[in-house]
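Note sheet for the following structure.
The values are calculated or read from the model by the stated rules, or taken from the named source; none is laboratory data. Treat the numbers as computed from the prediction; the structure is a model and nothing was measured. Glycine gets a Cβ as well: all are built from the backbone with ideal geometry, and neighbour counts include every protein chain shown.
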């Protein structure tokens, strides 16, 4: 998995708006793509554009080596199929919603990994998680309390607060990652 394109790992706590930011950023930056993950979640659960999978199929795909990266979180399993990263070889930059826990492994596999760390206040996170309606009660409380793995200090990246307007967040990211509205 080498290539001249950058893999931009979008990380942050549940409810920070990773999917919304990724969609808006891809629409704003010509040629920027989004990686579609395989998730052991029902298709009707909504949220991001993903490939739903049951546990047995996910385990089979993992055993067959179909995933460049995979991890578990919040009772679900996530996988990044190798085929989703092929545009990197053609010089395309890609956005991917990754777990902080696989960043070090991703950096070993993809030479041009950049971390986009999104943050938001606890109040913003609570409002967004409640509004999406996927978690309630104890599950919502556990998601809000989860701090997640630390971001390796040696990885290149930026941190952007996503508490305000989505357009403002996208503008801040573009200014730092795409200063010439093109590729670095």
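Collect the residues in the stretch 25-50 that are closer than 28 Å to residue 178 by Cβ and either loosely packed, with under 15 Cβ neighbours inside 10 Å or over 16 Å from the mean Cα position of the chain (by Cα) (or both), keeping them in residue-number order. Across the stretch 25-50, the qualifying residues are 27, 28, 29, 30, 31, 47, 49.
If you go through the stretch 72-86 and pick out every residue that is modelled with pLDDT of 95 or more, surrounded by fewer than 18 Cβ atoms within 10 Å (Cβ to Cβ) and either touching a strand residue (DSSP E or B) at 6+ places or on another chain (Cβ under 8 Å) or farther than 16 Å from residue 33 by Cβ (or both), you end up with 1.
For beta carbons closer than 6 Å, sequence separation of 6+ or different chains, a first residue in the stretch 6-30 that is on the phi > 0 side of the Ramachandran plot and modelled with pLDDT of 90 or more and a second that is assigned to a loop (DSSP other than H, G, I, E, B) and buried (at least 22 other Cβ atoms within 10 Å of the Cβ), the qualifying pairs are 17/162. Scanning the stretch 103-117 for residues that are buried (at least 20 other Cβ atoms within 10 Å of the Cβ) and either in a helix (DSSP H, G or I) or at pLDDT below 95 (or both) gives 103, 106, 110.
Have a look at 128, 142 and point out the one that is closer than 13 Å to residue 13 by Cβ, exposed (fewer than 14 other Cβ atoms within 10 Å of the Cβ) and at pLDDT below 90. Walk me through it before giving the result.
On the way: 128 fails: exposed (fewer than 14 other Cβ atoms within 10 Å of the Cβ).
Only one candidate qualifies: 142.
Return yes or no: is residue 16 under 24 Å from residue 157 (Cα atoms), within 12 Å of the chain's Cα centre (by Cα) and surrounded by 14 or more Cβ atoms within 10 Å (Cβ to Cβ)? First the steps, then the outcome.
Values: under 24 Å from residue 157 (Cα atoms): yes; within 12 Å of the chain's Cα centre (by Cα): yes; surrounded by 14 or more Cβ atoms within 10 Å (Cβ to Cβ): yes.
Spelling it out, residue 16 is indeed under 24 Å from residue 157 (Cα atoms), within 12 Å of the chain's Cα centre (by Cα) and surrounded by 14 or more Cβ atoms within 10 Å (Cβ to Cβ).
With respect to (1) over 24 Å from residue 150 (Cα atoms); (2) surrounded by 21 or more Cβ atoms within 10 Å (Cβ to Cβ), the lone exception for residue 8 is condition (1).
Among the residues making up the stretch 38-64, a single one is in contact with a helix residue (DSSP H, G or I) (Cβ under 8 Å, 6 or more places away or on another chain) and closer than 17 Å to residue 106 by Cα: 38.
Can you report the number of residues in the stretch 158-180 which are closer than 21 Å to residue 14 by Cα and assigned to a helix (DSSP H, G or I)?
Result for the stretch 158-180: 7.
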